[in-house]
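Every number in this text was worked out from the coordinates using simple rules, so none of it is lab data. Only a predicted model underlies this, so the values are computations on that prediction, with no experimental measurement involved. Because the Cβ atoms are built from the backbone with ideal geometry, glycine has one as well, and the counts that use them run over all protein chains shown.
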Amino acid sequence: MKFSYVLPDPSSYSDWNSFKKDLKCLKEAGYDAVELQIADPSTFDEPRVRKSLGAFSLPMCAFQTGASYATLGNCLSTADEIVRRRTIALLRRFVDLAARWNSVIVFGSLQGRHKDEPDIKTGSDLIHRALAEIGKHAGEKNVVRRCSKSLFL
């Protein structure tokens with residue numbers, strides 16, 4: 001695989017044919033794979049997406065998680081323990097999803113921003129603890145994770 005293209009969650013399209021038209025366009029443009037931005041694996045229509053990708057011989061190479069920060073307020077660096085635990089649980093579901101697709105998880109925004117935890121050391125410590133927990137689960141599932149450069153600035 002050389003090039004992939006990032007598409008939004010298929011559920012965000014006005015209809016499924018619009019999603020399929022984007023897949024066709026990607027294939028015709030020479031892209032080798034697809035990355036999807038989804039907010040929560042529990043609402044992701046895996047069978048339908050798998051069938052649509054198969055129709056264009058496009059593999060899923062990665063799932064991006066940033067939509068969850070933007071739309072659901074999930075965050076690893078927040079002082080709110082409930083939000084952090086919810087975010088870790090979400091990332092565990094992403095690990096399970098990625099394992100089923102033999103793909104990668106990409107996350108950056110879920111780390112949070114300075115506004116989520118004004119103290120950089122505290123925020124970084126919270127992120128590292130969460131990543132250690134998620135990393136253990138990902139290792140058990142043989143899933144590769146990639147973190148974007150820390151957005152916690």
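Overview of results
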{"read-out": "Single residue of the stretch 18-41 satisfying the filter (surrounded by 11 or more Cβ atoms within 10 Å (Cβ to Cβ) and among the small types (G, A, S)) that is nearest to T71 (Cα to Cα)", "value": "A39"}
{"read-out": "Unique residue being within 12 Å of the chain's Cα centre (by Cα) and of a type in the set (D, E, K, R) when the list is R92, R50, R85, R100", "value": "R92"}
{"read-out": "Residue count for the stretch 1-17, restricted to those that are in a helix (DSSP H, G or I), touching a strand residue (DSSP E or B) at 6+ places or on another chain (Cβ under 9 Å) and surrounded by fewer than 15 Cβ atoms within 10 Å (Cβ to Cβ)", "value": "1"}
{"read-out": "Filter result for the condition that a residue is touching a Gly at 6+ places or on another chain (Cβ under 8 Å), of a type outside the set (S, T, N, Q), crowded, with 19+ Cβ neighbours inside 10 Å and part of a helix (DSSP H, G or I), over L76, L110, L90", "value": "L110"}
{"read-out": "Residue that is closer than 16 Å to L36 by Cβ, touching a Cys at 6+ places or on another chain (Cβ under 9 Å) and of a type in the set (A, V, I, L, M, F, W, C), where the choices are V95, V83, V104", "value": "V104"}
